[in-house]
Amino acid sequence: MPFAVLFPGQGAQFRGMGADVFDRYPALTEFACDLLGYDLAAVCRDNPDDILTRTECTQPALFVVNALHTFERERREERRADYYLGHSLGEYNALLAAGVFDFQTGLRLVRKRGELMAAASDGGMTAVLGVPERELLDMFRQDGIEAIDLAGFNSDTQLVIAGPDADLRVAHEALTRRGVRFVQLRVGGPFHSRYMDPARVVFEKYLEEFTFHDPHTPVIANVTGLPHVKGEFARSLGNQLVEPVRWTDSIRYLLGQDSPLECEELGGRSLLGMVRKISDSGTADPGAHDGR
C-alpha cells in the first residue's frame, strides 16, 4: 500500500513550535536567522505581538520548523515515503524532502513568496462547509457574485473561497441567507486566486534564478493534483499563487494507485482529517471542477 508524508501550510503555526528541534540544528537555525534578519527561534518561542500570524513571518517559520522535523525523521531512518505532498506552503517542504532543492534554497523561495503574498493585503479567504462545488457556484451565479474565486478543494464538502474584502462580505451574506456554514480564515490576502497574479509575475521571475533537481520521490503538485512534471517546477510554483489547491484531487490520485493509503503528517493533524473525509466519500465526479 502507498505511504505518503504530508506537510501542512499556513494556519498550522503555533507559539512554541520548533522548540524540540532548533537546538539540534544550530547551523541551519543560524542560517535562517541571518537570512530572515531576526531570531527565528525566539519568535517561534514567544510569538511577540502575534507575529506568527503575519504571512511574511508565518511562511518561513513553518518551512524551517517542518524542514527540521523532516531532517529528524530522516535521521531516525523512519519508513521511506512513496509520495510527498504539502498543502499550499507545505508543498515547499514536500519538494525539499524529495531533494528538488536544498534547505537554503527553499528558505529563500519561501521568504520571497511570503513577502509577495503579504503585500496582497486587500482581501481574504473563507472556508465554506457542507456544500458541494457545483451547488456553491450556482448560489454565486444566482446572486451575481463574480469576483469570488474557488481557492481550495480540501474535501468534497470543504471548499475555500477568496476575493476582495467587499466581495467576500457579499458572499458571506449570500451564504448566511441560505444557512450555509462558513469560517473566515485568518490570512492576510486572497491567496490562490486571480488577485495574486501580480505576485505570480514577480515570483516567476525570481524562480528563474534557481536550479531545481529531479525528485527522488514523487511530489504531488497542488495545481494539478498529479505528480510534478520534471523541468516544470518553477512554472508550477508560480501558478500555485493563482490556482486553487486541489487537495481532494491529490488524495484521490494516491488512492487510485492502490488502497488503503497510509499517511503521516509532519507538523499538524488537519490534513489527516481531510484525507479521512476524502477516503470515506469515494470517487469524485470526473470534471466536477468548473470554477477557479
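Expressed as an acute angle from 0 to 90° and rounded to the nearest 10, what is the orientation of the C-alpha long axis of helix 103-119 relative to the principal long axis of the chain?
40 degrees
Mind checking the angle between helix 165-177 and the chain's longest principal axis? C-alpha axes, 0 to 90 degrees, to the nearest 10.
60 degrees
What nm distance separates the two modelled labels at residue 102 and residue 42, each placed 7 Å from Cα along Cα→Cβ?
Roughly 2.8 nm, to one decimal.
Considering the values [x] 56, 45, 34; [y] 62, 43, 39; [z] 51, 45, 42, which represents Cα extents along the principal axes in Å as calculated for the structure under consideration?
After the calculation, the listed value that fits is [x].
For the chain, what does the relative contact order come out to in percent, with C-alpha contacts under 8 Å and a separation of six or more?
Once normalised by length, the contact order is 25 percent.
On a full-extension model of 0.36 nm per residue, what is the gain between residue 214 and residue 143, subtracting their alpha-carbon distance, rounded to one decimal in nm?
20.9 nm
Between residue 80 and residue 31, what length comes free when the chain is fully extended (0.36 nm per residue of separation minus the Cα-Cα distance, one decimal in nm)?
Computed gain between residue 80 and residue 31 is 14.9 nm.
Where in segment 66-97 does the label zone of residue 262 land, with the point 7 angstrom along Cα→C-beta and an amide N cut-off under 14 Å?
78-83
Take the chain, connect every pair of alpha-carbon atoms lying under 10 Å apart with a spring to form a Gaussian network, then pick out the residue of 81, 94, 61 with the largest mean-square fluctuation.
81
Straight-line reach only, C-alpha to C-alpha below 22 angstrom: list the lysines that residue 112 could link to, leaving out same-chain residues fewer than 8 apart.
205
By how many nm would the segment from residue 135 to residue 197 lengthen if fully extended, with 0.36 nm per residue of separation less the alpha-carbon distance?
19.6 nm
5 Å is the cut-off here: which amide hydrogens, built 1.01 Å from N in the peptide plane, fall below it relative to residue 263, excluding neighbours closer than 5 in sequence?
Amide H neighbours of residue 263: 4.
Go ahead and run the numbers for FRET between residue 230 and residue 24, Cβ-Cβ distance against an R0 of 41 Å, rounding to 0.05.
Calculated value: 0.80.
Dipole magnitude of segment 135-292 about its Cα centre, charges +1 at Lys/Arg Cβ and -1 at Asp/Glu Cβ only, in debye to the nearest 20?
It works out to roughly 360 debye.
Each reported figure results from applying straightforward, stated rules to the coordinates on display, with no laboratory input. Keep in mind that this is a model prediction, so the values were computed, not measured. All Cβ positions, glycine included, derive from the backbone under ideal geometry; neighbour counts span all protein chains shown.
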